[in-house]
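Below is one structure; the comments refer to it alone.
The values are calculated or read from the model by the stated rules, or taken from the named source; none is laboratory data. Everything quoted here is computed from the prediction, not taken from an experiment. A quick note on method: Cβ atoms are made from the backbone with ideal geometry, for glycine too, and the neighbour counts reach across all protein chains shown. Note: accessible area is taken over every heavy atom of the protein model, side chains too, but ligands, DNA and RNA are not part of it. Shrake-Rupley method; radii C 1.70, N 1.55, O 1.52, S 1.80 Å.
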Amino acid sequence: MNAPDRSGGIGANRFIGQRVPRKEDARLLTGKGTYVDDVVMPGMLHVAFVRSPIARGRILSIDTSIARDQPGVHAIVTQDDLARFNVTMLSFFIGPVEVAMTPLADGRVAYVGHPVVMVVADDRYLAEDAASLVVVDYAEEDAVVSIEDARHGPAVHPDTDDNVAAMMGEDEEDAEFEALLASGAHLVTQTVHHQRISQSPMETRGVVAALQGDEELLVHITCAGPHLVARWLTVALGNPKMNIRVVAKDVGGSFGLKNHPWLEEVSAILGAMLLRRPLKWIEDRIENLTASNQAREQEIILRAAFDADGKLLASHADYSLNNGAYPMGADANIAVHMFMWSAYNIPAYSFVSRGYYTNTAGLAAYRGPWAIETLVRETLMDAAARQIGIDPIEIRRRNLCTAAHQPSVTSLGIPREDITPAECLEKLLETVDVAAFRREQAEARKEGRYLGIGFAAYIEPTGAAGSIGVMTGELAQVRVDPTGKVVAIMNVHSQGHGTQTTMAQCIAEQLGVPLADVTIFDGDSSRGGFGPGAGGSRQGVIGGGAAIRAGRLLADKIKTVAAHLLNANPENISIEDGMIRVAGAPEMTRSLREIAEIAYGEPSRLPPGMETGLEAQIRYDPPAMTFTSAAHAAIVEVDAETGFVKIRRWVSSEDCGVMINPAVVEGQIAGGLAQGIGSVLLEEAGYDARGNPIAATFKDYMLPTIFDVPDFEYVHANTPSKAEGGFRGVGEGGCIIGPPTLVNAIADALAPFGEVAVDLPLTPSKLLAVIDGTPLPPKPMSRFHPEWVNPYADTAAATKTDGPVEEVPAGATLLPGGTHAALAETAARGIDGAWNLTLATPMGPQPMTATFATEGSIVRGRLESNEGAQEFEGTVEDNQVKWSMKVTKPMPITLKYDLTFDGDTVTGKCKMGMFGTAKVKGQRV
Amino acid sequence: MKAAPYDYVRPSSIEEACTILAEAGGGAQVLAGGQTLMPLLALRMSQPFILVDINHIPELQGVTSVDGGTRVGPITRQNEALVDPILNRDLPTLIRALSHVGHHQTRNRGTIGGSIALGEPAAEMPATAVALGAKVEVRSASQTRFIPADELYFGPYATAIEPDELLTAIHYPAWPDDTITLFREVAMRPGDFALVGLVGALTVEKGVIARAGICWFGMGPTPMKAKSAEVALIGQSIDTLDAAATADLAIADTAPFGDHHATADYRRTVGRRIFVRVLQEALNMRQAA
């Protein structure tokens, strides 16, 4: 596309928008990259872990005596040895995790693969030999594996009441809302079961940690952002009296897994501090597929009411997410609901969202962590089209948010402007001849061949900054060295994203220098400034904006210096191809190097008062959120004899704003779509009923290969965003919109046979069951379900859980009898005073202190938290207190508290605008 | 993971290899192309004391025509076999199956004999050996013996080859020019082991089936020979053959299992369908010819 010139810089559009080859490719593709396993340090030792073979149980004993005596073994480390470090495991938001958690297992194991013992030896072979000789005795307990197990089973963590790790939304049925849903001409329900996904980066996790004396801890770690990891480690290790420097030159993919360190990396780092030797741990593929945190295992039931014309009236979602044993932050995935209907016009939306602890690998992010909203909504829209009898395109046209509907706010109150899903769909339809396809489809069906077309539309938040603590703006430091070469220090941190090219394109364009002269460094926390690194589709939007602004600032300085030296007007100076020219005076042309040498070395020749050197630094904070929109179409053929799906065509129509490099944009879309195809057809990181992983190698964890991924077609329906440069993020979109596009195409192909249940992956067995009308047997019921019948009950004694005895919670103490007034007075005495409260927010638990003073039916109080203090006034009835208050951080919303006091404890909820309802717990101070 | 410690030896003759195997007393593992063994070693699922690398024994290499058929040296690389003129002329069924073994890259190292000696029940080479009526030649320090391929397999990765024996050749019998190939493999991705696989050869003389060799892969704990269907096919006219009834007989000789990639019912249902389709397509081509 021809991007409008929004850069305002020199030589605009010389590099931005160009399909230039990636600068880093030759290096990476010829094995010259530096990944963490390439790092070798003098005296370095190697780590292997002894991991739990059971999903849930107590550790009875650990015998390291044989292992310790093996040749080459330096140390056998257990949690007892690491206890001295007093580590706090943190979420991505740098808040403490909600359950007790230690780097190595402390008395209990909570999933197969849980690291129990760390063996340190001369090499990895010897470490694994010794690890196989460590003897650990366990008392196995019944594992809580599935979401259904978590609902009915014993608590995974002994210090919690139940397995609900996080809860948001309305957990009680709302009769008014139910009536609203029932009031439409059509009520459509769509259920999605999404399997567990392993991020499967090509480079597995790994770390090399080494103390540099007592003043620095050097950590080479494959990660999404060295600055974030340095910050995370500094807080997690209790702000040690040393600098923590984190380095990751090249990274072989993260996809959400490497946002911050987890049990193994922390153990290895502590081991290096304990032994005062450099330690290396490189995760192998089995560890990556079974013990790394994973993503996506979730269930959602979405209901939507439509009027007789197929227009949306109201919708409700009930969502559950398997958090595993140790999620990287307990998560009810609020973003699912924030963006569920944000591309559509719908008057009302309500939800309940729960994350559950289970005895499985913990939850981490995965490309588009909230993606199930697009999957369930877009498959619902197609199901609604079939149920109501409208074309799937037409039903979207009637409901999508167009330019005419903007600016507006969504039904959850999210400001919405600058989105183009409807326009992307129309552009898509200029490329995809649907009528011709329908004719081909009808002809094929006569021959027993089943073709289908699927559509999906969505919007996605990208480049978020300023509303969530760690999601900051980005710093760019750009300098022209005395050699005339340009170096930029950034923190976009490529995981293979091509930012060494795209950021150089932004800077070269501003400075008017050849692309080859610009080099980007972004892999070291000792350089540049804080930023979270790669994540949230932010590199182009925020990094690109920072690069442009810093480049422009430096170009201005160069022009000022040159104008002074050449006795010219700055407006007449231009920089092209590294040469500084004066308009109308070609004889005055100077190289950038000549100007740079003077700028650094001859202060007297600079304008009076000007700082020497040619350096610029700027921190760019973009709009709070920049939306990307897209619509996709896929055409498939399903083999009715075998249930296999062949993708025949796939067209992407996206609005990712101004493109820095179309090849990089298309690479991002294609990669995301490949992962989407894997999710729909192939991948599954599941567990058996006992909690054993079923896919431990790539033979069983089936990533899509090049044979499974078609050549995609791209329609760039781009409009500039309001961010600097007009960019929008494009990193996650393919992985979000891919799955519903493909599912809808399969469902369309098989429409003659009935509806296809969205129970991923859609294996040939599942699709053949639809085609043949022979439903698969239902999934076995959870052994913890009250109606479960032990099929072996006749032959075996009923098994008894060996775990902590579940006590029936003591019933609420009843207040003594008396008049209502007396009760109120008793209650008032039970309320007044100071209380410590914890609010379970989407960013983790937030501690607060509240003081209450009741007076009849009125209560006045004051609430203090890290965000500040605020007074409030509310009502009291019996032992229940309600009040509302407006807050401005992290965003302006009204909080409505509803607390019930009982002795020295208080429980209740807080309604937090679009974030739904969060639990509140507390005790008297 | 990293392999457990083992000794590595590289014999240069069959005799030397057999002596090592005899002395190892069951603690040795033979290394051919290594495309399955190396991962098993790294996973510590295979922990031999001695790894016997037979890649440098010239007698184990190459394809020759012999009286009554074709002799294939076990360390012949799969990609070498694919372009071998003798195999392309005399054993087109083997060539057809070979093109589905792993990927081009793995076929550069992977060997015919390694795959047959391993005995993966969902792999192409063991089933093809069974279908074509091959015999494997195995030698120990004291004797040489021949094992018919359909007596070679007892279960997944369990073969009649004794720990002190080395697979030294595969003898495929000659099949006449009037032989048609039956082949179909249904796999999750190209190059994966089969969910359902079928390989076979039918010799048609004057419109009548004179000889049949058919074997399933991925349809039980070993390659599953479709004996009843073979017997039923012989003597039948290709014009009046009831493919569906033959498929029922063929499926009766399978014992598929279910896993998270496909159910046992799926394997049976699709197996029956591909049998009918492959047989009909082959016969139709024959009739048209």
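Figures for the structure shown
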item	result
Helix axis angle, B:243-252 relative to chain B longest principal axis, alpha carbon, degrees	40 degrees
Average accessible area per residue (Å²) across the stretch B:179-288 - probe 1.4 Å, nucleic acids and ligands excluded	37 Å²
Heavy-atom surface of the stretch A:168-260, accessible at 1.4 Å and reported per residue (Å²)	37 Å²
Karplus-derived 3J(HN,Hα), 6.51/-1.76/1.60, for each residue of the stretch A:844-849, Hz, glycine and proline x	x, x, 10, x, 9, 10
Carbon plus sulfur fraction of accessible area for the stretch A:25-181, probe 1.4 Å, in percent	50 percent
In Hz, Karplus ³J(HN,Hα) per residue of the stretch A:762-770 (6.51, -1.76, 1.60; θ = phi - 60°; x = Gly, Pro)	7, 6, x, 4, 5, 6, 5, 4, 5
Whether chain A is rounded, prolate or oblate, judged on the alpha carbon gyration tensor where a/c under 1.5 counts as rounded	rounded
Rounded if a/c under 1.5, otherwise prolate or oblate - the stretch A:539-579, Cα gyration tensor axes	prolate
Share antiparallel - DSSP beta bridges, chain B, percent rounded to 5	85 percent
Shielded residues, the stretch B:256-289 - accessible-area loss of 50 Å² or more between chain alone and all protein chains, probe 1.4 Å	B:260, B:261, B:266, B:273
Size of the A/B contact, given as accessible area buried on both chains, probe 1.4 Å, in Å²	2500 Å²
Positive minus negative residues near residue A:148 (Lys, Arg vs Asp, Glu; Cβ under 11 Å)	+1
Candidate lysines for bridging to residue B:227, where Cα separation is under 19 Å - those fewer than 8 sequence places away on the same chain excluded	B:135
Anchor residue A:559: lysines whose Cα lies under 29 Å away (excluding residues fewer than 8 positions away in-chain)	A:23, A:485, A:722
Residue-level accessible surface for residue A:69, protein heavy atoms, 1.4 Å, Å²	120 Å²
The stretch A:260-308 - percent of accessible surface contributed by carbon and sulfur, probe 1.4 Å	55 percent
Residue-span extension gain [residue A:307 to residue A:838] - 0.36 nm each, minus C-alpha spacing	187.0 nm
Length gained when the stretch residue A:179-residue A:893 is fully extended (0.36 nm per residue, less Cα-Cα span)	254.4 nm
Interface residues, the stretch B:181-195 - accessible area loss of 40 Å² or more versus chain alone, probe 1.4 Å	B:188, B:189, B:190
Cα-based shape type of the stretch B:7-53, given that a ≥ b ≥ c are square roots of the gyration tensor eigenvalues and the cut on a/c is 1.5	oblate
Nearest-10 value in Å² for the accessible area of residue A:788, using the 1.4 Å probe	90 Å²
Long-range amide H partners of residue A:450 with built H, under 5 Å	A:638, A:640
Chain A - percent relative contact order, Cα under 8 Å, separation 6 or more	14 percent
Spin-label proximity, residue B:15 to the stretch B:140-166 - amide N less than 17 Å from point 7 Å beyond Cα toward beta carbon	B:140-144, B:166
Residue order for B:106, B:93 - accessible surface, 1.4 angstrom probe, largest first	B:106, B:93
Charge dipole (debye, nearest 20) of the protein assembly as shown; +1 at Cβ of Lys and Arg, -1 at Cβ of Asp and Glu	1980 debye
Qualifying lysines (Cα of each under 20 Å from Cα of residue B:2; at least 8 residues distant if same chain)	A:280, A:699
Under Karplus coefficients 6.51, -1.76 and 1.60, residue-wise ³J(HN,Hα) of the stretch A:732-739 in Hz, glycine/proline x	9, x, x, 6, 8, 8, x, x
Accessible area of the stretch A:466-620 divided out per residue, in Å², using a probe of 1.4 angstrom	36 Å²
Between the stretch B:76-131 and the stretch B:1-46, the alpha-carbon center distance in angstrom	22 Å
Surface share of carbon and sulfur [accessible, 1.4 angstrom probe, percent] for the stretch B:58-173	53 percent
Simple spin-label estimate for residue B:67 and residue A:521 in nanometres, 7 Å along Cα-Cβ	7.7 nm
Förster-model FRET efficiency, 30 Å R0, residue A:590 and residue A:32, C-beta, rounded to 0.05	0.30
Residues in the stretch A:629-646 that, when all protein chains are in place, have 30 Å² or more less accessible area than the chain alone would give (probe 1.4 Å)	A:641, A:642, A:644
Percent RCO, i.e. relative contact order, over the stretch A:466-620, from Cα pairs under 8 Å lying at least 6 residues apart	31 percent
